[in-house]
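Below is one structure, written out as structure tokens; comments come after it.
The values are calculated or read from the model by the stated rules, or taken from the named source; none is laboratory data. Please read these numbers as outputs of a predicted model, since none were measured by experiment. Neighbour counts are summed over all protein chains in view; Cβ atoms, including those assigned to glycine, are modelled from backbone coordinates with ideal geometry.
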2 protein chains.
Amino acid sequence: MSQIMDLSTQNGVDMENARRRITIGVERVTWFLYSEDPFGVIALLFANLLACCVDGRDRWLQKQKIDKVLSEDPVFSKTGRPFQSRKDRYDSGARMTNRIFELQESLGWTPEETSLAEFILAEPLPISLHDTAFAPVFLSQACPSLLAEYSFLTTHHGIFGAYLQTELGHGTNVTSLETTATYIPETKEFELHSPTLSSSKWWVGALGKSATHGVVQAKLILPGGKDMGPHLFFVQLRSLQDHKLLPGVITGDIGPKAFGGYASTDNGFARFNRVRIPKRYMLSKFASVTDSGEYVKPPHAKLNYAGMVHIRAGLVTNCAWLMAKAATISIRYATVRRQGTKGPDGLEVPVINYPSVYVRLLPILSRAYVFLELARKMTTSFNAMSSRLATGDMSLVAELHATTSGLKILGTTHCIADLESARRSMGGHGYSAFSGLANLYADYVPSVTFEGENYVLDQQTVRAALKAFQAITTSSMPTSSLQPSVRYLRLLIEEAPPRITPASLADPSTLVLLLEWRAVALVKNFALMLQRKPTATRADGSNPQDVEDATAYQRVSRAITEAFVAGQVEEMLEELNARDRKEEKLGQREVVIVKKLYTLYLLMTIETSLADFVTFDLLRVLSSEISSDAVSALRYAIAQVCSELLPEAIGLTDAFGFSDWELNSALGRYDGKAYQTLWEKSQLDPLNEKEVPDAYEESIRPMLLRGQRQAWKASCRAKM
Amino acid sequence: MSQIMDLSTQNGVDMENARRRITIGVERVTWFLYSEDPFGVIALLFANLLACCVDGRDRWLQKQKIDKVLSEDPVFSKTGRPFQSRKDRYDSGARMTNRIFELQESLGWTPEETSLAEFILAEPLPISLHDTAFAPVFLSQACPSLLAEYSFLTTHHGIFGAYLQTELGHGTNVTSLETTATYIPETKEFELHSPTLSSSKWWVGALGKSATHGVVQAKLILPGGKDMGPHLFFVQLRSLQDHKLLPGVITGDIGPKAFGGYASTDNGFARFNRVRIPKRYMLSKFASVTDSGEYVKPPHAKLNYAGMVHIRAGLVTNCAWLMAKAATISIRYATVRRQGTKGPDGLEVPVINYPSVYVRLLPILSRAYVFLELARKMTTSFNAMSSRLATGDMSLVAELHATTSGLKILGTTHCIADLESARRSMGGHGYSAFSGLANLYADYVPSVTFEGENYVLDQQTVRAALKAFQAITTSSMPTSSLQPSVRYLRLLIEEAPPRITPASLADPSTLVLLLEWRAVALVKNFALMLQRKPTATRADGSNPQDVEDATAYQRVSRAITEAFVAGQVEEMLEELNARDRKEEKLGQREVVIVKKLYTLYLLMTIETSLADFVTFDLLRVLSSEISSDAVSALRYAIAQVCSELLPEAIGLTDAFGFSDWELNSALGRYDGKAYQTLWEKSQLDPLNEKEVPDAYEESIRPMLLRGQRQAWKASCRAKM
């Protein structure tokens, strides 16, 4: 058959032309993005290794090297993945895990490089739960004798660990967990037990079929039945000889996840039937039990926050790279996809030129740039907190807990919405599994409900802000001593927000100020509302007037976090200016464009929450300089910065440095050849192996024959 | 092992207690929901059969009867579905299709009952494309000789049809399609041809492996190369003897869909290599070609709109029932799920009592009730349009096209968001495939991009409104002649929106007025903006100042549609009052509660678009009657109506009449036994068949052995 592959060829031509329009140095921006630990706290397990500073260019080359190894290894092939069953996905996940460590040994990867390889692979493997949940808790809280036995096995994956916290009937509220660990002084043992069906450990990553050991959250019961609340215990689940379950332990896979997500991870359940463990298996660095069964208190409760802060900070870094993937895939496809009205070249217009498309995609690009920097800043803060913690100094824990809570909500909310919004922007083909975005959504959407449900966590953000607000308004604490998370509260003593002019809407500092003013207004209003609020509650503890509070928590929490991020963006801008002056890696043109991205982020943040700004009358124009209303002026400013960024969009996505193998998207290919790739991928579909499908003989043929018989009868009747 | 199944048992107790608090007659509400064709235009293919009016109770019993047949038939078992591969899903889809028609014959189902069975089954089967796309087009547009041959085969499924429109490189803009149908006068044939890779038909349901015949959109080329644009042609794809592809035809499956959606449908591609078809295979009811190759014009272009209107109206009906499923599952689980603070009974509080939960779920419930009525009203309008069309009267087509476009956007946007919001409200367990909501999202999320991409379609809604606006403002058309879709424009001659009092916020009529005022303000403002807009455009046809327009189209389109819906809600309220007076099926108490649902819908609609209301100063309080600001008063009104609806929530979801088999949700069971069911479903996971997984020998064991060897080496080094 003759194949004039015009539009498929046009795809490539369009992408080349788009690249020709770029005025920034893409490599410079890449090196900027890869400088100073771009993978944030993800690699912090190996924090000591980060000290060896490689610059952005070296790190980028290192990433490319590892990407090449993975992409050429058949074990990591992504080709068959969309056609596999759940069980196949688990099996190939285990194969990948083993191969990663095989490569680590044979190629002499550092732990940091292995961690980078797992990050590039971006497949949620069971082993990641060992590394991010089991190992940190075990290594930081086990007693010396237990560490002597298991620390090397833990770090080298000689055992496979799981972290058993949530139960079938219990989520984040650990105080309600039902699993018990009863101390038996006679034998110096604990007895782990699952007294009810709802006490079954549930959702635990790697627990179903992979893990050999676990750390279990269980209620510590002391002699006399005294319930000391949840504590951590180390337990062996399976034999290291043959992987069989140890007596009294039942585990299994809890079943497939929504959207086919986390398919290679065996999130599992576990039930314990009076399983005995030695006393030293209690993780007793902070709280312990004497031989006779006396409780020894933990020195400081706040130490437990460090782990949460670490995981949440890691989530934000992940979110930033996911936004980058969403922006790259969708902007590349929008650049080569032509639909609708015909342009002067006689072809339909590339959809990236439609305002309804780029007004959705460029903000995702801007968020990716802001959150990548934000993640880096959080790494710095986390390192500072960790070194102070090492000397017993707790001063930074509360601040970092407050900011990471807010950022966890904001980052996951944006990231999940952006993945879907980018996918949907690709129209019909976006619904193909080959688009490469749906699987990311499927794997990452639980981040809005795990590690602090976003709708619960926002109350913590608000409470921290209210505390600072009270401190300032009642005890006249000086505003100069405000932590970054509540620095916006300094405006409490200012009179009014700045008036808007066309120039100020292009000036990030004004936008930062507006976002800070909004946080002040909402926190103040919320504090007043709490004072006025009737204290009557219903019998079940809820308050009939609480609806207002309910949505208020989300609004106030968001305002607080966005004010904090705005403050951070202001710092980023200062750093960019310094970079500019020092003529470091980013050139002047690149600095201009990155600044525009930050500006777009700030403008969109205001636009998305216009109701707040208008309700509290925070958008006031300076009428001598501006004729339209403030809202129109704001939207015009967004139009302006979008039109300036549009020609650089492809360059700014290229700068993230994703390989085609890494993105695994038919639509977001570097060379733009979307249609050709969709065609090629569809040819591998197992359904296409046979011309006549298996279903024909069994189902389709009987249906057609029945229909033909009925049609014949009906036509005879009609003729009579 | 002893199993005190306390919390699992508590699930059931909690559900029973919730049912005890209900004050409405659930069955009465069910009959109300099932009266007057609740499945809307879905069954309109069989419009003649709808004349036999059964009342709500009869229809509900009919549904239960069919539900029982399906749920007891192993072919329709949903148990293994989450574990199947894509190919297995296709095979079992074909099996279900054949079984449906087998049952139709053996049980003597009417076509309407068969249609109802497919609706209850809610599995997107390839055959549904035959019924909703292929058959209506073929039956309404084929010439008499073609109909004589194929109409009975079509209605009885003696052939399996597909509707081939979109191409790899082309979406909804049919004028750009590349497939050609060239007329050859010598043989009186058309030659179908796919000249390029991008002209491959793509995404076509049932085309890959199932369909035997198709209707193809192709450019009609007349002698001399004259391109007449897209026309429809009937074509046979596969042999009815052995299902092999006919010469010159290549088809195949395009691959899996995002999130594992539409797994049982073989969305396919097709390429034609100069395939000849007889002249009478052109669907020539409206346009035709003479033997010598002269073009005969269609009588009226608007006739094509009827099909689109039909499909979009069907989507809205589907959306309404999906919202009902989302509300049922999430509210049931929230009623039995206890988390967080402990109540007076010593147990944690059921999460439905948390404002941050019910403020998300009750609005979904209210939308389901509004959209179910809305779908019914659209059916009435559609029937009126159809009967007028039958007499050549086009007067209702434009109006119905405008309203169904807007409702398609609003309905699909809400429905898709509600499915995810309901799923996420269920916390961790919501991410289990057993939650029963993720698969609905996966199957229905393409509705936001197909049948009119929501971001493209909103321009049509806005244009229709602008046209009416111009007619009133320039030609002084009387406002009394306004169609329902733009009735809000009558307010153009009014002075100001009503002032808000506590009473008016509980009065739906005021809320309807406010929503209409908002549409007026936005349409007027948009019209003025268009007048002011610079006409300069860029070379590619886009306008750098278009961003404002881009987001404006969405805002204005939404305001217009929500004003229309508000007007419809006002009618529903009047009908409820009439029903009340006539003492029909709904009793007084039920009418009060349904009214509150409608009120909540209106309040939430205002709250969600507060930015519009505040920007245009539409929320003004009557200061003598209300002390707080309007926004706080609005939120307090929402709190009030939510707290009044809360005790009825379980009854209102029960009233939808879903069976457990139909919902297929471990969390949304009628008896509330969520934990017990999650446990039971997980036991069927194929991964749990073996205690030691297959992956152990191949992957996990080598990893552990390597780790143990490395750990041993490391410990030796440490000891040195």
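Would you confirm, using the coordinates I've provided, whether A:Leu303 is modelled with pLDDT under 90, of a type in the set (A, V, I, L, M, F, W, C) and either part of a helix (DSSP H, G or I) or over 30 Å from A:Met604 (Cβ atoms) (or both)? Spelling it out, A:Leu303 is indeed modelled with pLDDT under 90, of a type in the set (A, V, I, L, M, F, W, C) and either part of a helix (DSSP H, G or I) or over 30 Å from A:Met604 (Cβ atoms) (or both).
What helices (runs of 4 or more DSSP H) completely inside the range B:1-74 contain at least 1 residues that are more than 27 Å from B:Glu644 (Cα to Cα) and modelled with pLDDT of 90 or more? Steps first, please.
Values: elements: B:6-20, B:26-34, B:56-71.
Helices (runs of 4 or more DSSP H) meeting the threshold: B:56-71.
Close contacts from the range A:156-182, counting a first residue that is more than 7 Å from every other protein chain (Cβ to nearest Cβ) and among the aromatic types (Phe, Trp, Tyr) and a second that is crowded, with 24+ Cβ neighbours inside 10 Å and not in a strand (DSSP E or B), with Cβ to Cβ under 8 Å and a gap of 6+ residues or different chains, come to A:Tyr163/A:Leu129; A:Tyr163/A:Phe134; A:Tyr163/A:Gly205.
Hey, can you tell me all the residues within the range A:583-630 that are more than 23 Å from B:Val614 (Cα to Cα) and within 12 Å of another protein chain (Cβ to nearest Cβ)? Walk me through how you get there before you give the answer.
Let us first name the residues in the range A:583-630 that are more than 23 Å from B:Val614 (Cα to Cα), namely A:583-601, A:624-625.
A:Leu600, the sole residue that qualifies.
Taken over the range A:225-283, the residue count meeting the criterion of being within 25 Å of A:Gly293 (Cα to Cα) and of a type in the set (S, T, N, Q) is 2. Based on what the data block shows, is A:Ile277 outside any loop (DSSP other than H, G, I, E, B) and either modelled with pLDDT under 95 or more than 30 Å from A:Ala442 (Cβ to Cβ) (or both)? Judged against the criteria, A:Ile277 is a match.
Out of the residues in the range B:325-373 meeting the condition of being among the small types (Gly, Ala, Ser) and within 22 Å of A:Thr172 (Cβ to Cβ), tell me which one is nearest to the chain's Cα centre (by Cα).
Pass one, the range B:325-373, residues among the small types (Gly, Ala, Ser): B:326-327, B:330, B:334, B:340, B:343, B:346, B:356, B:366, B:368.
Then keep just the ones that are within 22 Å of A:Thr172 (Cβ to Cβ); that gives B:330, B:334, B:340, B:343, B:346, B:356.
Values: B:Ser330: 19, B:Ala334: 24, B:Gly340: 35, B:Gly343: 39, B:Gly346: 43, B:Ser356: 26 Å.
My answer is B:Ser330.
Would you tally the residues in the range A:631-640 being of a type in the set (A, V, I, L, M) and within 9 Å of another protein chain (Cβ to nearest Cβ)? Count: 3. Condition check for B:Ala649 on (1) within 27 Å of the chain's Cα centre (by Cα); (2) free of Cβ contacts under 8 Å to residues at least 60 places away in the same chain; (3) more than 9 Å from chain A (Cβ to nearest Cβ): one failure, at (2).
Being out of contact with any helix residue (DSSP H, G or I) (no Cβ under 7 Å at 6 or more places or on another chain) and under 28 Å from B:Ala324 (Cα atoms) is a condition met by no residue of the range B:98-108. Selection within the range A:312-326: residues that are out of contact with any Asp or Glu (no Cβ under 9 Å at 6 or more places or on another chain) and aliphatic (A, V, I, L, M). The member of this set that is farthest from A:Thr403 (Cα to Cα) is A:Ala324. Do we find that B:Asp266 is of a type in the set (D, E, K, R), in a loop (DSSP other than H, G, I, E, B) and within 30 Å of B:Arg89 (Cβ to Cβ) in this structure? Answer is yes for this residue. Any residue at all in the range A:361-370 that's surrounded by fewer than 23 Cβ atoms within 10 Å (Cβ to Cβ) and not polar (S, T, N, Q)? There is no residue in the range A:361-370 that is surrounded by fewer than 23 Cβ atoms within 10 Å (Cβ to Cβ) and not polar (S, T, N, Q). Scanning the range A:389-435 for residues that are among the small types (Gly, Ala, Ser), touching a helix residue (DSSP H, G or I) at 6+ places or on another chain (Cβ under 6 Å) and either more than 14 Å from B:Phe259 (Cα to Cα) or assigned to a loop (DSSP other than H, G, I, E, B) (or both) gives A:Ala402, A:Ser405, A:Gly406, A:Gly411, A:Ser421, A:Ala422, A:Ser425. Of everything listed in (1) closer than 29 Å to B:Arg99 by Cβ; (2) more than 13 Å from chain A (Cβ to nearest Cβ), the single unmet condition for B:Pro230 is (1). With respect to the stated conditions, A:Leu237 fails to be more than 29 Å from A:Leu125 (Cα to Cα), under 34 Å from the mean Cα position of the chain (by Cα) and either more than 9 Å from chain B (Cβ to nearest Cβ) or without any contact (Cβ under 8 Å) to a residue 60 or more places away in the chain (or both). With respect to (1) under 30 Å from B:Val26 (Cα atoms); (2) touching a residue at least 40 places away in the same chain (Cβ under 8 Å), the lone exception for B:Met385 is condition (1).
So which of B:Tyr431, B:Tyr488 is buried (at least 24 other Cβ atoms within 10 Å of the Cβ), among the aromatic types (Phe, Trp, Tyr) and farther than 26 Å from A:Gly430 by Cα? Walk me through how you get there before you give the answer.
Working: B:Tyr431 fails: farther than 26 Å from A:Gly430 by Cα.
Residue meeting the stated conditions: B:Tyr488.
In the range A:219-249, the qualifying residues are those that are farther than 30 Å from B:Ser699 by Cβ and of a type in the set (Gly, Ala, Ser), and the one that is surrounded by the most Cβ atoms within 10 Å (Cβ to Cβ) is A:Gly229.
Screening A:Asp91 with (1) in contact with an Asp or Glu (Cβ under 9 Å, 6 or more places away or on another chain); (2) of a type outside the set (Phe, Trp, Tyr); (3) more than 14 Å from A:Ala206 (Cα to Cα) gives one miss only, at (3). The residues of the range A:493-507 that are assigned to a helix (DSSP H, G or I) and buried (at least 22 other Cβ atoms within 10 Å of the Cβ) amount to a single one, A:Leu505. If you scan the range A:81-105, which residues turn out to be within 7 Å of another protein chain (Cβ to nearest Cβ), of a type in the set (D, E, K, R) and closer than 18 Å to A:Gly268 by Cα? Hits for the range A:81-105 are A:Arg86, A:Lys87, A:Asp91. Evaluation of A:Ile329 against the conditions (1) part of a helix (DSSP H, G or I); (2) closer than 22 Å to A:Gln141 by Cα shows that the sole unmet condition is (2).
Tell me which helices (runs of 4 or more DSSP H) are completely within the range B:107-210 and hold 2 or more residues being more than 21 Å from the chain's Cα centre (by Cα) and among the aromatic types (Phe, Trp, Tyr), or say none if there are none. Once the helices (runs of 4 or more DSSP H) in the range B:107-210 are filtered for at least 2 residues that are more than 21 Å from the chain's Cα centre (by Cα) and among the aromatic types (Phe, Trp, Tyr), what remains is B:144-155. Here the range B:332-353 is the region considered, the condition is being part of a loop (DSSP other than H, G, I, E, B) and in contact (Cβ under 8 Å) with a residue 40 or more places away in the chain, and the residue that is surrounded by the most Cβ atoms within 10 Å (Cβ to Cβ) is B:Arg337. Pairing residues of the range B:683-698 that are at the interface with chain A (Cβ under 7 Å from one of its Cβ atoms) and in contact (Cβ under 8 Å) with a residue 40 or more places away in the chain with residues that are among the hydrophobic types (A, V, I, L, M, F, W, C) and in a helix (DSSP H, G or I), at Cβ distances under 7 Å and at least 6 apart in sequence or on separate chains, gives B:Asp685/B:Phe83; B:Pro686/B:Phe83.
Is there any pair with a first residue in the range B:69-88 that is under 18 Å from B:Gly436 (Cα atoms) and a second that is aromatic (Phe, Trp, Tyr) and surrounded by fewer than 15 Cβ atoms within 10 Å (Cβ to Cβ) whose Cβ atoms are under 6 Å apart and which are 6 or more apart or on different chains, and what are they? Sorted first by the residue in the range B:69-88, then by its partner, the list stays empty.
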